[in-house]
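Below you'll find the structure, written out as structure tokens, and then a few comments.
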Amino acid sequence: MKQNLAINGGPKTIDKNFNWPVYGESDVDVVAEIVRSGNWGNPDCGDKVEAFEKEFAAFCGTRYALTCVNGSVALRLALIACGVKPGDEVIVPPYTFIATASIVIEANCVPVFVDIDPDTYNISPSQIEKAITKRTKAIIPVHFAGQACDMDAIMAIAKKHNLRVIEDSAHGHGAEYKGKKLGSIGDAGCFSFQSSKNLTSGEGGLVVTNDEALYDMMNSLRNVGRVKGGQWYEHHHAGCNYRITQMQAVLLSSQLKNLKEQTARRHENGTYLNSLLEKIDGIKPLARGVGEAIHCYHIYIFRYDKSKFNDLSKVEFSKMLVAEGVPCFMGYPEPLYKQPLFQEKNFMCYAIPEEVDYTKVYCPVTEKACHEEAVWIFQNTMLGTKEDMEKFAEAILKIQKAYL
Ligand SMILES: Cc1ncc(COP(=O)(O)O)c(C=O)c1O
């Protein structure tokens, strides 16, 4: 049976290219038009950036949207604009991309890691309260993989302790929690348009907010500290040039037209794949969380139990699944706090207090997700067909049979 596995030269279960990004001639045309016009820059070369910001704000149901060079900077702008001071603590999950925590250090603040919920892989609200101290100023919940965090619980904790909430919605374009778009619930919501994301212009980022003061500060920070009504060479805040180009803006506007339909398809395929995988002994799709109406499956995650696969390690299993033609990955190899940045305290000039010691941090649920459980299937596959989802389940069963 093992010889029949694709990794050993047997036939693949599925042989299909899942393209990403998906684009058409209309995307090419809008970018070509800007290229030919010579009006590439921002804000002095046209209104396409502002137009996209208005469209995205309307899409999310927020008063403001503000573009910037990437999702990391979006988080950074939001956190700094919230008025954090050196040494303030910011609560983050350890099952996320480095930017969620590294921007906290860049703002001279201290990331405090709070474990995730084993059923959703999102930050666990019950653990957040235990981590709050006099220095805590903000929480950055990550809607991991496009699944909404328990925002009612998080907002209630934030209100009780007077904390700001910055939603890391880098995976959450178009997904919803109780009818509200992810990113639109906290003080600010931050998106990434990097090339793997569900809405992309290669690179790019954006913050949505309903708070005018926050918007004005972020707008100044992304535009070298300039302020409304000020002169070109008049700088009020320690900002930088974080602006995007007109080419990116028109591409994003054009791509945004497909996002609703794509999100619905990902949601439907993800839900269907759940129904198939939950029938396989040793495979558990993540629970569908708390009240989210739409999951945008930036990543489709399932939990793997090697004891039902004759102790085949997750790493080996993932490689076999890739060979069978399922675009997947074993996910983060370690919790974020295990990165050399934290273990070796490579904080350079940043003002992190001496007593902060990440070598003692241990979040058991995240450790288990990284080392044993989590397998990621990439979002572009979720734009496939029902038959593709059936093939994914078939590939897992094929490996299981070979190892029983
Ligand atoms: C959860 C999360 N937050 C933030 C970011 C940062 O986005 P960017 O790569 O656009 O800076 C990413 C990027 O992968 C991410 O996955």
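What follows draws every value from the coordinates through simple rules; no lab data is involved. The structure presented is a predicted model; accordingly, all values stated were derived computationally and were not measured. Every residue, glycine as well, gets a Cβ built from its backbone with ideal geometry; the counts of neighbours run over all protein chains shown.
What ranking, highest mean first, results for peptides 312-323, 220-231 when packing means the other Cβ atoms within 10 Å averaged over each residue?
312-323, 220-231
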TODO: Would you mind getting me the FRET efficiency between K368 and D29? Use the beta-carbon distance for r and R0 = 56 Å, nearest 0.05.
DONE: 0.70
Task: Length-normalised contact order for the range 25-255 - Cα pairs under 8 Å, 6+ apart - percent - done: 26
Task: Relative contact order of the chain, pairs being alpha-carbon contacts under 8 Å that are 6 or more residues apart, as % - done: 22
Open item on the list: With the crude spin-label approximation of a point 7 Å out along Cα→Cβ, what separation in nm comes out for Q231 versus K160?
Closed with: 5.2
Open item on the list: Using only DSSP helix segments of four residues or longer, with each worth -39500 (n - 2.57), what per-residue ellipticity at 222 nm results for the chain after dividing by its residue count and rounding to 500?
Closed with: -11000 deg cm²/dmol
Open item on the list: Between M348 and S313, what is 0.36 nm times their sequence separation minus the Cα-Cα distance? Round to one decimal in nm.
Closed with: 8.9 nm
Task: Residue among Q246, M330, V22 farthest towards the positive dipole end of the chain, charges placed on Cβ - done: M330
- [ ] About the Cα centre of the range 25-255, how large is the charge dipole given +1 on each Lys and Arg Cβ and -1 on each Asp and Glu Cβ? Please answer in debye to the nearest 20.
- [x] 660
Open item on the list: Can you pull out the chymotrypsin sites (Phe, Trp or Tyr not before Pro) in the range 4-100 whose DSSP state is coil and whose Cβ has at most 16 other Cβ atoms within 10 Å?
Closed with: Y23, W40
